[in-house]
1. Dipole size in debye (nearest 20) for the protein assembly as shown around its Cα centre, Lys and Arg Cβ +1, Asp and Glu Cβ -1?
2. Of B:2/B:94; A:57/B:99; A:14/A:57; B:2/B:99; A:11/A:71; B:2/B:42, which sit over 18 Å apart, Cα to Cα?
3. In the protein assembly as shown, with Lys and Arg counted as +1 and Asp and Glu as -1 at Cβ, which of these residues, A:39, B:70, A:97, has the Cα nearest the positive end of the dipole, that is, farthest along it?
4. With no solvent and one point per C-alpha, what does the Debye sum give as log10 I(q)/I(0) for segment A:1-96 at q = 0.10, 0.12, 0.21 Å⁻¹?
5. Please tell me the relative contact order of chain A in percent, rounded to the nearest whole number, where contacts are Cα pairs under 8 Å and at least six residues apart.
6. Relative contact order for chain B: what percent, with Cα pairs under 8 Å and sequence separation of 6 or more?
7. Starting from the Cα of residue B:111, draw a straight line to each of the aspartates and glutamates and keep only those under 13 Å, dropping any in the same chain fewer than 8 residues away.
8. Sort A:27, B:72 so the one with the fewest other Cβ atoms within 10 Å of its own Cβ comes first.
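Every read-out reported here was derived from the displayed coordinates using simple, explicitly stated rules and does not represent laboratory data. None of these values were measured; they are calculated from a predicted model. Cβ sites come from the backbone with ideal geometry, for glycine too, and all protein chains shown count toward neighbours.
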Amino acid sequence: DTGVSQDPRHKITKRGQNVTFRCDPISEHNRLYWYRQTLGQGPEFLTYFQNEAQLEKSRLLSDRFSAERPKGSFSTLEIQRTEQGDSAMYLCASSFGQARTEAFFGQGTRLTVV
Amino acid sequence: RKEVEQDPGPFNVPEGATVAFNCTYSNSASQSFFWYRQDCRKEPKLLMSVYSSGNEDGRFTAQLNRASQYISLLIRDSKLSDSATYLCVVNTLKAAGNKLTFGGGTRVLVKP
């Protein structure tokens, strides 16, 4: 399978715990995006990378959220001290990063904070 | 004002009918546009890219109006399987590079 893969698919955690998600993009893609989606809403931008450089982080994100793409390949998204409001689907997408290139999504990680 | 806005719907459509809906964007520097389809609890999947004056793919037609800053999607001869949420995506050149921004989605329900 050469598509975008995310791990885990589902995560249930207790409030206050830290969680980390992984995304493996399509290998030749240099752009990687993270989005968050809650029921009935469109995907909300979190952050994106060009290779290993983080280009932008949403101002909606608190300092509890951090993302890395250390070698310009896979990426991790960490949420520290999770809160119930963090419960959502976390989507990763990758693209060539050029003006007219669509992004391809992974199947997402569904986080439930109890 | 949101960068990309869509009518959330739902649009209730009889099977075989035509449905159309729009997406407006606020940034005139937006360079390219896409429609994605998202089924319940699934990831978004590309439906169509929308370049220049628009394009057609089978029963689906996408149009771009740069002057009024909106794109549209028209579905002809609706099938039950067209029931989904349709997401408008805008690719905008920012200082940090191209960025994809999503609308909130338009929900379409095709009924027999």
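1. Working: 29 positive and 23 negative charges, 89 e Å.
I would put it at about 420 debye.
2. Working: B:2/B:94 16 Å; A:57/B:99 11 Å; A:14/A:57 25 Å; B:2/B:99 15 Å; A:11/A:71 25 Å; B:2/B:42 24 Å.
Pairs exceeding 18 Å: A:14/A:57; A:11/A:71; B:2/B:42.
3. Positive-end residue among those listed: A:39.
4. -0.24, -0.35, -1.09
5. Values: 286 pairs, mean separation 42.0, N = 114.
Result for chain A is 37 percent.
6. Numbers: 276 pairs, mean separation 42.2, N = 112.
Value for chain B: 38 percent.
7. Within the straight-line limit of under 13 Å, residue B:111 reaches these aspartates and glutamates: B:15, B:77, B:82.
8. Values: A:27 8, B:72 17.
Listed from fewest to most nearby Cβ atoms, that is A:27, B:72.
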